[in-house]
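Novice: Sharing a structure below in structure tokens format, with a few things to ask.
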Amino acid sequence: MRSLAFLLLLAATPLAAEDAPGSNPIIRDRFTADPAPVVIGDRLWLYTSHDEAADGEMFNMKEWLAYSTTDMRNWDFHGPVMNIAGFTWASHDAWAVQVIEKHGRYWLYAPVEHDKTKPGKAIGVAVSDKPEGPFVDAKGSALISNDMTTKGEHSWEDIDPTVFTDDDGTTWIAWGNRQCYIARLGADMISIDGPIREITPPHFEEGPWLHKRGGLYYLTYASLDRSDHTDERVSYATATSLDGPWTPRGELTGSGEGSFTIHPGIAQFKGQWYLFLHNAALTIGTRKGALGRRAVTVEYLTYDADGLMRPVTQTKAGVTAPPPKP
Ligand code: FUB
């Protein structure tokens, strides 16, 4: 049995920065990716995809997970909120999710592989009365399918939805891989209302995230400049209207450690802005990080006087470091 002196010593020893609750990666008991934060009441909710790839497997993703926090340090796990089987018209690939609140309900948008009746990736919408789910298919068919966008030459063009409600109450959805599209959602949240417009910014690869601060709209995304680097980084563009024009603002981050992909998620919580990302720096037992075994991280996000986002570096300390000066 351990002596009292040993236990007292243990309790008095400060945690190394990388072990402090809330340091990166913030979730360590399972592999998570594609972070999607949303503030609901006094909690920040974080929805993620769940990486379960075996060695040599690219992705193995079957469900979406939810976490929440009140202090950005300690995270409560709420379990899987939906499994791919909940979209009966889909076959596999529970990829990057986003959830928003509207009309007192919670709406989950996510890309999946459609069954053979409409080959290629598609975007489904599910709904719940509680942020912790369970979420159920709200439409019974895809909201967006590969046949609705014609520019891309590959079957995974319609992935990674980001949903954003503007000050006038209109909700917009943007998505894409290689091409970035935007459309207005119907008031029912399960239909597209109006044309689908292409808004592809430079080096756009995937993972768009729409947000607004003051009068400025931000389109932040995973970028890949094939002439210059081999792993994705995060870049962004800004506009004073969702109709554009979008002004490219360059790279916001470098690549995630050990990861081809990176994926931004942005939220303001209790007055502080945060940028969620992922990398592949986590090892769980004998399982090392990999293309399909990623880990969600979070960093402070700040803006300069012109509203431009200052470059962000992924760190071990993350938000356990003191917040930056405004
Ligand atoms: O996680 C699967 C896919 O990888 C996502 O949909 C992309 O954003 C990339 O992170």
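Novice: Looking only at segment 192-209, which residues are open to solvent by 50 Å² or more (accessible area, probe 1.4 Å) and within 16 Å of the ligand (Cβ to nearest atom)?
Specialist: Matches in segment 192-209: T200, H203.
Novice: Taking the criterion of being more than 16 Å from the ligand (Cβ to nearest atom), within 19 Å of I123 (Cα to Cα) and touching a strand residue (DSSP E or B) at 6+ places or on another chain (Cβ under 9 Å), would at least one residue in segment 210-219 satisfy it?
Specialist: For segment 210-219, residues more than 16 Å from the ligand (Cβ to nearest atom), within 19 Å of I123 (Cα to Cα) and touching a strand residue (DSSP E or B) at 6+ places or on another chain (Cβ under 9 Å): absent.
Novice: Tell me, yes or no, whether segment 281-292 has at least one residue that is touching a residue at least 40 places away in the same chain (Cβ under 8 Å) and touching a Leu at 6+ places or on another chain (Cβ under 6 Å).
Specialist: Checking segment 281-292: at least one residue is touching a residue at least 40 places away in the same chain (Cβ under 8 Å) and touching a Leu at 6+ places or on another chain (Cβ under 6 Å).
Novice: Confirm whether G86 is surrounded by 20 or more Cβ atoms within 10 Å (Cβ to Cβ), at pLDDT 95 or above and either away from the ligand (no atom under 14 Å from the Cβ) or within 20 Å of P208 (Cβ to Cβ) (or both).
Specialist: Yes.
Novice: Which one of T117, T150 is at pLDDT below 95 and more than 16 Å from the ligand (Cβ to nearest atom)?
Specialist: T150
Novice: Hey, another quick one. List the residue pairs whose Cβ atoms are under 9 Å apart, where the first residue sits in segment 315-326 and is more than 19 Å from A280 (Cα to Cα), the second is buried (at least 16 other Cβ atoms within 10 Å of the Cβ) and aromatic (F, W, Y), and the two are 6 or more positions apart or on different chains.
Specialist: So the pair list comes out as A321/Y300; P323/Y300; P324/Y300.
Novice: Return the pair list, or none, for Cβ contacts closer than 6 Å from residues in segment 153-174 that are within 16 Å of the ligand (Cβ to nearest atom) to residues that are of a type in the set (D, E, K, R), at least 6 apart or on different chains.
Specialist: Pairs found: W156/K121; D158/K121; I159/K121; D160/E206.
Novice: Does segment 112-131 hold any residues that are in a loop (DSSP other than H, G, I, E, B) and within 17 Å of the chain's Cα centre (by Cα), and which are they?
Specialist: Passing the criteria: only P131.
Novice: Can I ask one more? May I ask you to verify whether T149 is open to solvent by less than 20 Å² (accessible area, probe 1.4 Å), of a type in the set (S, T, N, Q), in contact with a strand residue (DSSP E or B) (Cβ under 7 Å, 6 or more places away or on another chain) and in contact (Cβ under 8 Å) with a residue 40 or more places away in the chain?
Specialist: So T149 passes the test.
Residue-by-condition table, conditions (1) in contact with a strand residue (DSSP E or B) (Cβ under 7 Å, 6 or more places away or on another chain); (2) away from the ligand (no atom under 16 Å from the Cβ):
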{"site": "I40", "(1), (2)": "yes, yes"}
{"site": "Y47", "(1), (2)": "yes, no"}
{"site": "G56", "(1), (2)": "no, yes"}
{"site": "K62", "(1), (2)": "yes, no"}
{"site": "D71", "(1), (2)": "no, yes"}
{"site": "W75", "(1), (2)": "yes, yes"}
{"site": "H78", "(1), (2)": "yes, yes"}
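Novice: Report, ordered by the first and then the second residue, all pairs with beta carbons closer than 8 Å, sequence separation of six or more or different chains, a first member in segment 244-257 that is among the basic types (K, R), and a second member that is surrounded by 15 or more Cβ atoms within 10 Å (Cβ to Cβ) and assigned to a loop (DSSP other than H, G, I, E, B).
Specialist: Once the first residue is among the basic types (K, R) and sits in segment 244-257, its partners that are surrounded by 15 or more Cβ atoms within 10 Å (Cβ to Cβ) and assigned to a loop (DSSP other than H, G, I, E, B) give R249/L308.
The values are calculated or read from the model by the stated rules, or taken from the named source; none is laboratory data. What you are looking at is a predicted structure, and each value in this text was computed from that prediction instead of being measured. Neighbour counts are summed over all protein chains in view; Cβ atoms, including those assigned to glycine, are modelled from backbone coordinates with ideal geometry. SASA here: full protein model, heavy atoms, side chains in, ligands and nucleic acids out. Shrake-Rupley method; radii C 1.70, N 1.55, O 1.52, S 1.80 Å.
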